[in-house]
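The values are calculated or read from the model by the stated rules, or taken from the named source; none is laboratory data. Everything numeric in this text was worked out from a predicted model, so none of it was measured. Cβ: placed from backbone, ideal geometry, glycine included. Neighbour counts: every protein chain shown.
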Amino acid sequence: MTEQTPAISAFDISGRRALVTGGTSGIGAAIAAGLADAGCHVVAAGLPAADAVPDPTGPIQTVDLDVTDANAVERLAKGLDRLDILVNAAGIIRRGAEFDLDSFERVVDVNLTGTMRLCTACRPLLARQGGSIVNVASMLSFFGGGLVPAYSASKGGIAQLTKSLAIAWATDGIRVNAIAPGWIATALTQGLQDDPARSEAILSRTPLKRWGTPQDLTGAVIFLCSPAAAFVTGTVLPVDGGYLIS
Ligand code: NAI
């Protein structure tokens, strides 16, 4: 086998411990699998997924977690003996229903406050390792969504939270970044995928002319968690097939 050059080994994250919320389906599950593939030991935390097949001997340990349950988040963090990487991918959208204040609060609680809960609970563990956080933002971190005011507000908040924590926790040695996925084919966007007019509108504005896959996000996450990104903090990295710039 050829030896890794320094430029390549800077992307090596093998042996790291990672926690991925929303790790039981869609984008979170793909990120958990990508991190495991890169040699990490991964805890994938989320609501129980009907199609999840737990493998107690594999590199991914699946645990049930509601990110709105502060005690459960604390318990999970306290149960970890080491953490190098936290990925906050848990998220919900209530298209068309978010003008109802209960729905609004729920979406913000899961997407934004849930992320802050995890960051806060995991901070001491991450500080010990000089670890890193990757939050999951969105195209709606950059522009508004007329049907999804709570989702847009929460994702705009994720971008600002990412920048703020990056400043606040830099002295702890914790880097905080976000990825902003474009339109990715998952359960969350099933309604849009099934609507020919909306799907066509999305594809026609996407220079790479396709829906993203959850696997499209894994390389960006591995980069942001790796020594190759040692001087990268507070950034929101679009992984969007060019949607934002068109
Ligand atoms: P998904 O519906 O497949 O996954 C959402 C995940 O969040 C699931 O694993 C679910 O268990 C978890 N979750 C929901 N409520 C939770 C709670 N209270 N506690 C813990 N976990 C909870 O959808 P997808 O697309 O994989 O979404 C993942 C993230 O990516 C979300 O933050 C979403 O906003 C974001 N995103 C998705 C895009 C897309 O086009 N699919 C685009 C931009 C961002």
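Summary table
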| read-out | value |
| --- | --- |
| Some residue of segment 162-177 being of a type outside the set (Phe, Trp, Tyr), within 16 Å of the ligand (Cβ to nearest atom) and part of a helix (DSSP H, G or I) | yes |
| Residue match in segment 191-205 (condition: assigned to a loop (DSSP other than H, G, I, E, B) and over 23 Å from VAL42 (Cα atoms)) | yes |
| First in segment 92-121 and more than 26 Å from SER132 (Cα to Cα) and touching a residue at least 24 places away in the same chain (Cβ under 8 Å), second anywhere and away from the ligand (no atom under 14 Å from the Cβ) and part of a helix (DSSP H, G or I), Cβ under 9 Å, 6 or more apart | ARG94/PHE104; GLU98/PHE104; GLU98/PRO149; PHE99/PRO149; PHE104/PRO149 |
| All positions within segment 37-62 that are closer than 23 Å to LYS78 by Cβ and modelled with pLDDT of 95 or more | CYS40, HIS41, VAL42, VAL43, ALA44, ALA45, ILE60, GLN61, THR62 |
| Residue within segment 76-86 that is near the ligand (Cβ under 10 Å from one of its atoms), out of contact with any strand residue (DSSP E or B) (no Cβ under 9 Å at 6 or more places or on another chain) and either within 20 Å of THR218 (Cα to Cα) or without any contact (Cβ under 8 Å) to a residue 60 or more places away in the chain (or both) present | no |
| Residue under evaluation GLN193, criteria (1) free of Cβ contacts under 8 Å to residues at least 40 places away in the same chain; (2) away from the ligand (no atom under 12 Å from the Cβ); (3) within 23 Å of GLY145 (Cα to Cα), criterion not met | (2) |
| Residue list for segment 6-36, filter: modelled with pLDDT of 95 or more, out of contact with any Cys (no Cβ under 8 Å at 6 or more places or on another chain) and among the hydrophobic types (A, V, I, L, M, F, W, C) | ALA10, PHE11, VAL20, ILE27, ALA29, ALA30, ILE31, ALA32, ALA33, ALA36 |
| Identity of the residue in segment 116-155, among the β-branched types (Val, Ile, Thr), more than 9 Å from the ligand (Cβ to nearest atom) and not in a loop (DSSP other than H, G, I, E, B), that ends up farthest from THR21 (Cα to Cα) | THR120 |
| Near pairs, Cβ below 7 angstrom, 6+ apart or cross-chain, from segment 223-246 (in a loop (DSSP other than H, G, I, E, B)) to any residue that is of a type in the set (Gly, Ala, Ser) | SER226/ALA10; THR233/ALA166; THR233/ALA170; GLY234/ALA166; ASP240/ALA180; ASP240/GLY182; GLY241/GLY182; GLY241/GLY212 |
